[in-house]
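Shown next, in structure tokens, is the structure this report addresses.
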Amino acid sequence: MNEKTLFEKVISFTSAVHLTTQQLTKDVKNEHLTAVQYAILEYITVSQPVTPSEISECLHISLPNTSRELRKLLEQKWIIKETDAVDRRKQVISLSTEGTKMMSASFQKIEHKFQKRIAHLTAAEKFELEKALNLLQQKLFYD
């Protein structure tokens, strides 16, 4: 397979990942959150602690908009903001106890949808799927 064909497959796969993510996460967020706020909380959940700049960069949101949304999440007590112990000029964001509980409930709903999605797979197919995900993580979606 040439690199152009491989690239086209990656684009197609990435699109499918976005669609599947949308399907799995539909109707799981707290009703008092906007889609952007939920995306921020989801990113914090899997990457905490994070800085506002990291959130902005990862989610393609301007830093002023990120700061505004973080302020709202802080007011709603979903997150906590602390001064970085190493670099006291930086602020780090993590989930509050309430935010952790809420995101845990959201992830449980997502997991339930995921389990339904793969219920028809055999044990061997699930093992192959895990191997494929590990390979993608190692070779393509690494940090």
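No lab work stands behind these numbers, since they all come straight from the coordinates. Keep in mind the model is a prediction, meaning the values are calculated, not measured. Every residue, glycine among them, receives a Cβ derived from its backbone with ideal geometry; neighbour counts consider all protein chains shown.
General observations
- The stretch 5-67: C-alpha gyration tensor shape, a/c 1.5 cut-off, then a/b vs b/c: oblate
- Crossing angle, helix 35-47 versus the chain [Cα axis fit, 0-90 degrees, rounded to tens]: 80
- Candidate lysines for bridging to K101, where Cα separation is under 28 Å - those fewer than 8 sequence places away on the same chain excluded: K26, K29, K72, K77, K81, K90, K109, K113, K116
- Projecting label points 7 angstrom from Cα along Cα→Cβ for E54 and Q22 puts them 2.8 nm apart.
- Between helix 123-139 and the chain there is an angle of about 60 degrees, using the helix long axis and the longest principal axis of the Cα atoms.
- For the residues S104, S96, S15, a GNM of the chain with alpha-carbon springs under 10 Å puts the largest fluctuation on S15.
- Helical content of the chain, expressed as a calculated mean residue ellipticity at 222 nm, amounts to -22500 deg cm²/dmol (DSSP H runs of 4 or more residues, -39,500 (n - 2.57) each, divided by residue number, nearest 500).
- Degrees separating the helix 3-25 axis from the principal Cα axis of the chain, which is the longest one: 60
- Calculated P(r) over Cα pairs in 5 Å bins from 0, in percent (choose from (1) 2, 8, 14, 18, 18, 15, 12, 8, 4, 2, 0; (2) 2, 10, 14, 12, 8, 7, 6, 7, 7, 7, 7, 6, 4, 3, 1, 0; (3) 2, 10, 20, 25, 23, 13, 5, 2, 0, 0), label: (1)
- Whole-number percent relative contact order across the chain, with pairs defined as alpha carbons under 8 Å at least 6 apart: 22
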